[in-house]
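Just below is one structure, and these are the notes that go with it.
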Amino acid sequence: MCLLMVCLRLRIVKDHTETPARESTPQSYFAIVPHFVIQPNTIQNFYTFLQTSYHIDKSEPLHIIIISPDHFNVLTGDMAKFCGKKLCYQNTCLPIDERKASDELPCIDTENITEHGIGAQFSFIKNTFPHAKISPIIVQPKKFVGDTKLISGIIDQKFQGKTLILASVDFSHYTDENFAWLHDQKSFYTLNNATGIQDYSSLEVDCPSCLYVVNSLAQKNKEYPQLYLRDSSSTIVGKNLGTGNTSRQFISYSDQKTEANGFTLAFFGDLIFDRQVAQFLSTDASIENHFKTFFQSENTDLDPQIYPHRKLFGIDFVGFNLETPIVQDAKDCIASHKQVQFCSSDIILPYLSELWFNIANVANNHTFDWGTQAHQETIQLLKQNNIQPIGYVRNSTYFQKNYEWKTSIRGIPIAREGFDFTITPRRLFSGYCDILKKNKTEGRISLVAVHRGTEYQTTHDASQESIAKQLIQCWADIIIGTHPHVTQDIWRYQGKPIIYSLGNFLFDMQNPPATKIGWYVLIDYQINGSITLLTGNINASIYKSSF
């Protein structure tokens with residue numbers, strides 16, 4: 001558990017001195033290398049490891065195919081190769097192999113390049129493989145158009161001797177270390193378990209297309225990714241660089257398949273779009289400005305459609321607790337006799353969807369603030385904005401429904417549930433337990449949002465603890481709590497995490513002061529049972545005394 005905004009991951013390098021020799025020497029080898037040249041000795045060490053692991057003698061000829069993103073938009077099509085006798089980058093030159101990696105690719109006939117995705121590899125190649133010739137290819141990083149043709153073109157070539165096929169890729173960009181680490185976990189899971197192009201499209205890397213090409217070629221050769229090292233500019237300097245952070249993964253391939261798989265989750269606390277929140281965030285521009293700093297949706301020199309750089313992009317599940325009905329027209333709200341009731345506009349939903357939110361817990365004490373009709377409209381509006389409602393909801397005796405969401409991520413069956421214990425009779429607990437037990441018999445991992453606790457109390461109470469433990473005994477795997485409007489402690493029970501309260505996500509509370517700061521929680525769930533949690537603060541308060 002990490003209760004700081006920054007939780008820097010230590011770099012771990014495995015002991016590679018006992019790498020077993022291969023019984024046979026395949027003609028093609030694969031690797032993923034970064035072009036972010038910080039600590040160049042680290043990159044050189046990786047190249048040396050490849051040379052040793054793949055048993056490539058420095059004196060023998062080697063054909064190297066480098067696939068890089070087009071950083072400077074020089075392409076007129078989807079991809080191209082560099083042609084000629086040699087190619088130079090910052091006074092380091094390498095010979096181009098006359099054998100073409102793909103005959104159908106258009107040529108860029110030049111001797112000097114500025115493309116660092118290609119050129120950053122030159123000095124390391126020259127040091128490690130002095131007799132190598134290269135076939136450099138640049139691609140549109142996220143279009144995937146023609147990728148399968150490129151794969152076929154490389155396969156069809158009958159190269160003599162050994163061929164090393166490199167994807168030159170940097171991983172998470174412009175995102176502070178906690179989120180970058182989570183993105184990188186998903187990227188490695190995808191490399192190990194991808195079944196098609198669609199699996200690569202939501203990766204937070206600078207060239208998912210490059211990964212798709214090289215990883216697909218490796219799969220066809222029954223070679224599987226092995227993580228040599230993961231680092232970032234933040235871990236290297238020892239502090240969180242925020243939007244200045246770039247992460248790297250050094251990946252080799254072997255004929256031994258690892259069981260690396262899991263899913264990623266981010267969750268935020270209570271949200272309304274009523275009262276002062278609605279008054280203060282009354283336009284699209286004001287909503288964007290409010291979230292700009294935290295979610296990093298400001299303009300950059302790179303096209304965000306090609307180089308996504310928002311914190312939440314691509315995380316498998318991103319959720320929040322919807323503490324209000326949402327309607328298009330306030331006339332649809334039917335007043336009740338509650339002392340505190342909310343009714344929110346749908347203005348914010350498209351923006352939340354654009355930020356990658358895809359789950360909203362609707363099982364709470366404000367779900368039916370304006371009656372059944374407004375609740376049903378809320379469900380419809382959420383789905384229209386690609387946000388899945390979750391939660392078992394109950395209104396008096398005439399309306400009850402379980403909005404459970406069952407799906408599979410990279411072959412992992414998952415169910416998301418939401419249970420409200422603020423107004424729901426405890427006699428319904430057995431029904432909740434039955435839901436979780438059924439998920440277990442189906443082999444599903446159960447993520448459970450629980451609405452319970454004492455408002456403004458910064459530690460959990462006995463009731464919260466009892467409920468959470470019982471849910472875990474009924475096979476819940478992760479408990480995420482809301483309702484107290486302040487953050488509370490995080491425990492583990494039988495190895496399963498219990499986040500008792502995330503506090504507020506978007507609210508207009510001022511007192512007590514703890515209501516103004518909420519938590520987000522980032523979760524990496526691995527199929528081997530390892531669950532890593534990282535938390536950080538978010539400014540949750542929308543309050544102007546002039547209102």
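The values are calculated or read from the model by the stated rules, or taken from the named source; none is laboratory data. Note that this is a predicted model, so its numbers are computed, not measured. No Cβ is skipped: glycine too gets one built from the backbone with ideal geometry, and neighbour counts run over all protein chains shown.
Descriptive notes on the structure:
- Filtered by the rule that a residue be buried (at least 24 other Cβ atoms within 10 Å of the Cβ) and closer than 30 Å to Ile154 by Cα, region 171-181 gives Phe171, Ser172.
- Among (1) in the same structural domain as Leu382 (by TED's automatic domain parsing); (2) modelled with pLDDT under 95; (3) closer than 23 Å to Ile315 by Cα, the one test that Leu271 misses: (2)
- For Leu105: the one exception among (1) part of a loop (DSSP other than H, G, I, E, B); (2) modelled with pLDDT of 95 or more; (3) of a type in the set (A, V, I, L, M, F, W, C): (2)
- Against the test of being modelled with pLDDT under 95 and closer than 20 Å to Val37 by Cα, the options Asn73, Asn91 yield a single qualifying residue, Asn91.
- Count - residues of region 303-325 that are of a type in the set (A, V, I, L, M, F, W, C) and modelled with pLDDT of 95 or more: 5
- Selected residue (only one of Phe399, Phe357, Phe368 is in contact with a His (Cβ under 6 Å, 6 or more places away or on another chain) and either at pLDDT 95 or above or among the hydrophobic types (A, V, I, L, M, F, W, C) (or both)): Phe368
- Those residues of region 468-508 which are surrounded by fewer than 21 Cβ atoms within 10 Å (Cβ to Cβ) and more than 27 Å from the chain's Cα centre (by Cα), in sequence order: Lys469, Gln470, Gln473, Cys474
- Each residue in region 379-426 was checked for being of a type in the set (Val, Ile, Thr) and more than 28 Å from the chain's Cα centre (by Cα), and 5 pass.
- Of the residues making up region 370-390, those that are assigned to a strand (DSSP E or B) and β-branched (Val, Ile, Thr) number 1.
- The residue that is surrounded by the fewest Cβ atoms within 10 Å (Cβ to Cβ), among those in region 339-369 that are outside any helix (DSSP H, G or I) and among the acidic types (Asp, Glu), is Asp346.
- Residue in region 154-197 that is nearest to the chain's Cα centre (by Cα), counting only those that are under 15 Å from Gly314 (Cβ atoms), β-branched (Val, Ile, Thr) and modelled with pLDDT under 95: Thr175
- Pairs, first without any contact (Cβ under 8 Å) to a residue 12 or more places away in the chain in region 431-458, second in a loop (DSSP other than H, G, I, E, B), C-beta under 8 Å, six or more apart: none
- From the list Tyr189, Tyr228, the lone residue that is crowded, with 23+ Cβ neighbours inside 10 Å, over 30 Å from Leu381 (Cβ atoms) and touching a strand residue (DSSP E or B) at 6+ places or on another chain (Cβ under 6 Å) is Tyr189.
- Hits in region 40-56 (condition: over 19 Å from Tyr89 (Cα atoms), among the polar types (S, T, N, Q) and in contact (Cβ under 8 Å) with a residue 12 or more places away in the chain): Thr42, Thr48, Gln51, Thr52, Ser53
- Check on Glu417, modelled with pLDDT under 95 and within 30 Å of Tyr189 (Cα to Cα): no
- Ile387 closer than 15 Å to Ile359 by Cβ, surrounded by 14 or more Cβ atoms within 10 Å (Cβ to Cβ) and touching a residue at least 60 places away in the same chain (Cβ under 8 Å): no
- Residue in region 232-254 that is over 19 Å from the mean Cα position of the chain (by Cα), without any contact (Cβ under 8 Å) to a residue 24 or more places away in the chain and either at negative phi or in the same structural domain as Ile154 (by TED's automatic domain parsing) (or both) present: yes
- Selection count where residues are closer than 22 Å to Glu98 by Cα and at pLDDT below 95, scope region 30-62: 7
- Sub-7 Å Cβ pairs linking a first residue in region 178-189 that is more than 14 Å from Thr246 (Cα to Cα) to a second residue that is outside any helix (DSSP H, G or I) and of a type in the set (S, T, N, Q), at least 6 apart or interchain, are Gln185/Thr264; Lys186/Thr264; Ser187/Gln249; Phe188/Gln249; Tyr189/Asn261, ordered by first then second residue.
- For region 71-94, the count of residues that are under 30 Å from Gly196 (Cβ atoms) and in contact with a His (Cβ under 7 Å, 6 or more places away or on another chain) is at least one.
- The residues of region 59-99 that are among the hydroxyl-bearing types (Ser, Thr, Tyr) and crowded, with 22+ Cβ neighbours inside 10 Å amount to a single one, Ser68.
- Tally of residues being out of contact with any Asp or Glu (no Cβ under 6 Å at 6 or more places or on another chain), buried (at least 22 other Cβ atoms within 10 Å of the Cβ) and under 21 Å from Thr367 (Cβ atoms) across region 437-466: 6
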